[in-house]
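The values are calculated or read from the model by the stated rules, or taken from the named source; none is laboratory data. Computed from a predicted model, the values in this text were never measured in an experiment. Here the Cβ positions follow ideal geometry from the backbone for every residue, glycine too, while neighbour counts run over all protein chains shown. Please note that ligands, DNA and RNA were not included when accessible areas were found on the heavy atoms of the full protein model with its side chains. Shrake-Rupley method; radii C 1.70, N 1.55, O 1.52, S 1.80 Å.
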Amino acid sequence: MGYITGAALATLSGIYLQLWLHSNVRIKVIGFATPRIGNSAFADLADARLFDIYRVNNKRDYVPIIPGRFLGYIHTKGEIHISDESKWYFCPGRENSEANCTLSSVPNVLAGDVDDHYGPYLQIPLASTY
């Protein structure tokens, strides 16, 4: 399983655990290159149940913008975007189009860069391009 699937499964598992564990237990989910997982009802549930949810997106990685919004998919809150200058920006809301957020950096998959998908995240590459 790759980290894309892992990030999606971590989000789903975090929601599941938060629903079934005692209310004083707080689950934190941090995903790297998380794709869109569900529709707005799913995002509402995730945002309501998971107080600590973060999606770290690297530069012009196109994975965080798939599947497309035109199919009804939408992100949860909690985007952290790593800019081309390797600065980290918190992007409030779900689909933030501010200049330092993913939607501005990667408006469509053709504007993305597959090499950015591999990191580095915290100076650690997640995969090799060769």
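Remarks
- Entry comment: accessible area of the range 2-64 is 50 Å² per residue, from protein heavy atoms only and a probe of 1.4 Å.
- Accessible area (Å², 1.4 Å probe, nearest 10) - R26: 140 Å²
- With kT/(6 pi eta Rh) evaluated at 4 °C and eta = 1.567 mPa s, and Rh the Kirkwood radius from Cα pairs, the chain diffuses with a coefficient of 87 µm²/s according to Stokes-Einstein.
- Against the chain, whose longest principal axis is taken from its Cα atoms, helix 3-20 shows a tilt of about 20°.
- Sulfur and carbon atoms: percent of accessible area, the range 1-80 [1.4 Å]: 62 percent
- Rounded to the nearest 10 degrees, the inclination of helix 40-49 to the longest alpha-carbon principal axis of the chain is 60 degrees.
- Point-charge dipole on Cβ atoms (K/R +1, D/E -1) for the chain, about Cα centre, debye to 20: 380 debye
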